[in-house]
Amino acid sequence: MASELMAIENEPQPINAGLPRKPRILLAASGSVAAMKFANLCRTFAEWAEIKAVATKASLHFIDKASLPNGLVLYTDEDEWSSWKQIGDSVLHIELRRWADIMVIAPLSANTLAKISMGLCDNLLTCIVRAWDYKKGLFVAPAMDTLMWTNSFMEKHLTDVDDLGIVLIPPDTERSVCGERGKGAMAEPSDIDTAIRVFLEPPSSDSGSSNGMEEQS
Ligand SMILES: Cc1cc2nc3c(=O)[nH]c(=O)nc-3n(C[C@H](O)[C@H](O)[C@H](O)COP(=O)(O)O)c2cc1C
């Protein structure tokens, strides 16, 4: 399956963050039951990165806000519109794009994957993705029922997001999701954390590559 070819091991080589500050990671959740692990994911990244969070309306059914790290701002679609009143006001999805060095969507639902694949942008999360600067890393960790994962749409949609430059963090093969055995369960938060750390590792002196992270005020 094309997804195997897009595994994290084959994606951007580790490159030098080179920043005098912590990396800024924008963590986003869409409406998979795996969003129950989103607070855990946020706590893991908060140990070493500056984080902000974005949640789709559906994902809010699964996120335990009380378990999020203290002080973490969780942006929703309402914030996109309440923060904009007139020309000249900042636009939240653009501000978050500018702020972030890296975006991680975990979990990525089948619905949000399909929307990204087609370029749709009807909520805060998908507007950020549509406006994303692909010189910066964008990672996705899908999570869904096994038959959703093996549905014939999947290969097409994964190819589309790979073409955009989005990096797949593949789901687990052996664990169960929605009570079934098979592929589709989101990678563990610790594995997602490791994937991003590898991306940010300093390069070997002769690699000359860049991860798009620039010093920002
Ligand atoms: C209890 C429940 C669990 C769900 N789990 C998943 C899931 O694991 N993966 C998935 O892709 N969709 C799942 N869905 C369906 C999505 O929530 C639905 O497609 C929703 O529109 C996704 O919206 P979003 O992509 O904007 O977050 C689930 C729905 C329900 C009601």
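Bear in mind that the values in this text are calculations on the coordinates, not laboratory data. Note that the coordinates shown come from a computational prediction; the quantities given were computed from them, not determined experimentally. Glycine also receives a Cβ, built like all others from the backbone with ideal geometry; neighbour counts cover every protein chain displayed.
For segment 147-153, take each phi angle, set θ = phi - 60°, evaluate the Karplus expression 6.51 cos²θ - 1.76 cosθ + 1.60, and give the result in whole Hz per residue in order, putting x for glycine and proline.
6, 5, 5, 8, 4, 5, 5
What does the charge count around Asn123 come to, taking other residues whose C-beta lies under 12 Å from its C-beta (Lys +1, Arg +1, Asp -1, Glu -1)? List each step's numbers first, then the result.
Working: positive: Lys57, Lys115, Arg130; negative: Asp77, Glu78, Asp79, Glu80, Asp122.
Here the count lands on -2.
Can you tell me the order of 67-76, 133-142 when each peptide is scored by its average per-residue count of other Cβ atoms within 10 angstrom, highest first? Each step should come with its number before you reach the end.
Numbers: 67-76: 14.2, 133-142: 20.2.
The most tightly packed comes first, giving 133-142, 67-76.
Taking every DSSP beta bridge that has both residues in segment 24-196, what percent is antiparallel when rounded to the nearest 5?
Values: 3 of 22 bridges.
So the antiparallel bridges in segment 24-196 amount to around 15 percent.
Going down the table (Lys37/Lys115; Lys65/Lys136; Lys115/Lys183), which pairs top 26 Å between alpha carbons? Each step should come with its number before you reach the end.
Values: Lys37/Lys115 23 Å; Lys65/Lys136 28 Å; Lys115/Lys183 21 Å.
Table pairs above 26 Å Cα-Cα are Lys65/Lys136.
When only Cα pairs under 8 Å and 6 or more residues apart are kept, what is the percent relative contact order across segment 43-99? Before the final figure, lay out the partial values.
Values: 35 pairs, mean separation 17.0, N = 57.
Rounded, it is 30 percent for segment 43-99.
Give me the log10 of I(q) over I(0) for segment 47-121 at q = 0.27 Å⁻¹, as the Debye formula computes it from C-alpha points; what are the numbers?
Log10 I(q)/I(0), no solvent term: -1.48.
Taking the Cα centre as origin and putting +1 on Lys and Arg beta-carbons and -1 on Asp and Glu beta-carbons, what dipole magnitude results for segment 44-117, to the nearest 20 debye? Walk me through the intermediate numbers first.
On the way: 7 positive and 10 negative charges, 39 e Å.
The calculation lands at about 180 debye.
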